[in-house]
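J.: Got a structure for you, written out below as structure tokens; questions coming shortly.
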Amino acid sequence: MSKTKDRIRQSQLHYKQELGQNFIYDEALLQALVEASGVTKDDDVLEIGPGAGSLTKPLCASAHHVLSLELDERLIPLLSVFMEGADNFTLVQGDVMTANLPELTAGLRKPFCVVANIPYYITTPLLTLLLKSNLPIRLMALMVQREVADKLLTKPGEEGWGPLSIRAQYRCEPRLAMEVPAAYFTPAPKVDSAFVVLPVREKPAVNVKSETDFFAVVGAAFALRRKTLVNSLAASLRLERAEAVELVEKAGLDPMIRGEKLSMEDFARLADVWTGRTSSVSP
């Protein structure tokens, strides 16, 4: 039994399913994850959900400083004792979904890294939160369900291509670092996981006139997945069908195409046409 798992057993702490608590105790795997993350001694790290601290300790050994944000109040004393003596570690209790992240990370070296074993139930909301933020992030190294990893890495025309993959690839260059079978977790989840690393691009993948319009158009294109792009845009952007056809044709696209077939560049052209249209009708 690993030292961390033994500490959990001795503390008689029960895993909370509602918090998505699935911990990894394999020390060789934990070390491999830290190495795969790309975190260096020059990096400060925001660790989301340290759990029992099994990843936190090797992360501290590899980073300049680690700031860990833990939701479960029961784990705070356990983490504090386990990390005692680590002079490059700070522990904060709180919910990442409601925390003031700019204020929380104000003292970290910029740009910083984000490392997280994300609870399955907040995977997409948390990813979206991080990708939409203007935080000075160098890279994100995240443990997610294998299904989510596939979406982050998918290409236009493939099944998982949609708002999450587009947002991720617009901001970052996602890569699969490691597949992690469910058996490595305690308690074991029902699905396998994957460790993905998302280095943040120096510039977005495409140039657009308005990022707000770009993501609005992307969301609209996938609002009705089984419908054509024209029908989805008409419904979501409150356009007459003829107006939606004109919008799509001005972007050089086939009105009968579906949103999942569009590339990042296609969406950029479409969004710029939409920006031009909305600007021209503004008072």
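J.: Any residue that is part of a strand (DSSP E or B), closer than 13 Å to G38 by Cα, of a type outside the set (V, I, T) and out of contact with any helix residue (DSSP H, G or I) (no Cβ under 8 Å at 6 or more places or on another chain) - is there at least one of those in the range 128-150?
T.: Yes, the conditions are met somewhere in the range 128-150.
J.: In the list G85, G49, which residue meets the criterion of being surrounded by fewer than 16 Cβ atoms within 10 Å (Cβ to Cβ) and more than 20 Å from R171 (Cβ to Cβ)? Break it down into steps so the answer makes sense when it comes.
T.: Numbers: G49 fails: surrounded by fewer than 16 Cβ atoms within 10 Å (Cβ to Cβ).
The match here is G85.
J.: Name the one entry in L131, L108 that is touching a His at 6+ places or on another chain (Cβ under 8 Å), surrounded by 17 or more Cβ atoms within 10 Å (Cβ to Cβ) and in contact (Cβ under 8 Å) with a residue 24 or more places away in the chain.
T.: Values: L131 fails: touching a His at 6+ places or on another chain (Cβ under 8 Å).
Exactly one of L131, L108 is touching a His at 6+ places or on another chain (Cβ under 8 Å), surrounded by 17 or more Cβ atoms within 10 Å (Cβ to Cβ) and in contact (Cβ under 8 Å) with a residue 24 or more places away in the chain, namely L108.
J.: Here are some residues: A268, A194. Which one is under 20 Å from the mean Cα position of the chain (by Cα) and modelled with pLDDT of 95 or more? Even if it seems obvious, please write down each step before you answer.
T.: Values: A268 fails: under 20 Å from the mean Cα position of the chain (by Cα).
Answer to the check: A194.
J.: Yes or no: A168 in a strand (DSSP E or B), modelled with pLDDT of 95 or more and assigned by TED's automatic domain parsing to the domain that holds F112? Steps first, please.
T.: Numbers: in a strand (DSSP E or B): no; modelled with pLDDT of 95 or more: yes; assigned by TED's automatic domain parsing to the domain that holds F112: yes.
In short, no.
J.: Here is a further query. Out of all the residues in the range 193-219, which are part of a loop (DSSP other than H, G, I, E, B) and either at positive phi or touching a strand residue (DSSP E or B) at 6+ places or on another chain (Cβ under 7 Å) (or both)? If you could, list the steps in order and put the result at the bottom.
T.: The initial filter retains those residues of the range 193-219 that are part of a loop (DSSP other than H, G, I, E, B), namely 201-210.
R201 - this is the single residue of the range 193-219 that is part of a loop (DSSP other than H, G, I, E, B) and either at positive phi or touching a strand residue (DSSP E or B) at 6+ places or on another chain (Cβ under 7 Å) (or both).
J.: Continuing with this model, one more query. If I ask for residues that are at pLDDT 90 or above, buried (at least 16 other Cβ atoms within 10 Å of the Cβ) and not aliphatic (A, V, I, L, M), which ones from the range 64-82 would you list?
T.: Answer for the range 64-82, where residues must be at pLDDT 90 or above, buried (at least 16 other Cβ atoms within 10 Å of the Cβ) and not aliphatic (A, V, I, L, M): H64, H65, S68, E70.
J.: The conditions are (1) out of contact with any strand residue (DSSP E or B) (no Cβ under 7 Å at 6 or more places or on another chain); (2) among the hydrophobic types (A, V, I, L, M, F, W, C); (3) more than 23 Å from D213 (Cβ to Cβ), and A177 fails exactly one of them. Which is it?
T.: For A177, the failing item is (1).
The values are calculated or read from the model by the stated rules, or taken from the named source; none is laboratory data. Small disclaimer: the values here were computed from a predicted structure and weren't measured. Counting neighbours? That spans all protein chains shown, and the Cβs are built from the backbone with ideal geometry, glycine included.
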